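Data block below; observations after.
Please treat every number below as a calculation from the coordinates, not as lab data. These numbers come from a predicted model, not from an experiment. With ideal geometry, Cβ positions are generated from the backbone for all residues, glycine too; neighbour counts draw on all protein chains shown.
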Amino acid sequence: MNLDDYLALHCTPESEALAKINRNTHLKTLKPRMLSGKVQGRFLTMIVQMLKPNFILELGTFTGYSAVCMAEGFSSYNSSAHNIGAEIHTIEANEELEYIIKENFEISGFSDKIHLYIGEAKNIIPTIDKKWDLVFIDADKENYSLYFDLVLPYVNVGGFILVDNVLWDGKVLQENTGNPEKLDKKLDKKTKAIIDFNTKIMQDKNVEKMILPLRDGIFLIRKK
Ligand SMILES: C[S@@+](CC[C@H](N)C(=O)[O-])C[C@H]1O[C@@H](n2cnc3c(N)ncnc32)[C@H](O)[C@@H]1O
């Protein structure tokens, strides 16, 4: 058994709804590997159970798997997850995914708690008038830095921003000396954007941070 299988075996299993969404994603999309998966999914559920956030923003819905994982954490606030005020707002650029996402939110039973926006995250973020307790950034890597700048002013003090794929299959280690001037100019755009983003967060004194080496690396960032 490999480590990933061992981790999956030892975490809370997918709910029936999540298993269906996972299967739907494999049947209906070209890149099913983009969904968070069992272990990272349950990490997100547990983060919600620990923080009990009221307002959650997600950038990069894909088929809704991670949003549903977070919504499943609502049951820890109250025996009826539907009687709490918590909401998830999730943004997806690919309009072709809209019907699958909506179908999946119906399957989850949380369509009343999850608000979907179809469009470019950078255009939609400024239109949602909320203060966030938790933000999950999982959209296009080239814009990570922009997304961080756009959301940080609207994150409550003590709120968290989680950013996925910050180890980028280990590619960030190639040249990462912590000194942006020494980066290899031939690095592909996504790798360079993630390395630049990680450096920026490392240097930002307004946030506490650590990279959790789970799956493809998740930056845990807390606004001071
Ligand atoms: C890695 S997937 C998200 C996976 C999802 N969070 C999950 O764990 O199941 C990234 C998603 O971001 C979307 N995306 C890419 N660029 C975007 C943009 N500019 N604005 C909003 N969404 C974007 C993609 O279409 C894709 O569905």
query: When 50, 34 are ordered from fewest to most other Cβ atoms inside 10 Å of their Cβ, what list results?
result: 50, 34
query: By counting other Cβ atoms within 10 Å of each Cβ, how are 45, 12, 29, 127 ranked from fewest to most?
result: 127, 12, 29, 45
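Calculate the FRET efficiency for residue 146 and residue 46 from the Cβ-Cβ distance with a Förster distance of 25 Å, rounded to the nearest 0.05.
0.30
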query: So what is the diffusion coefficient of the chain in µm² per second by Stokes-Einstein at 37 °C and 0.692 mPa s, using a Kirkwood Rh over Cα pairs?
result: 183 µm²/s
query: Magnitude of the Cβ-charge dipole of the stretch 89-155, K/R +1 and D/E -1, about the Cα centre, nearest 20 debye?
result: 320 debye
- request: Give me the distance in nm between label points sitting 7 Å out from Cα along the Cα-to-Cβ direction at residue 206 and residue 169, one decimal.
  value: 3.4 nm
query: Which value in deg cm²/dmol, rounded to the nearest 500, describes the helix-derived mean residue ellipticity at 222 nm for the chain, given -39,500 (n - 2.57) per DSSP H run of n ≥ 4 and division by the residue count?
result: -10500 deg cm²/dmol
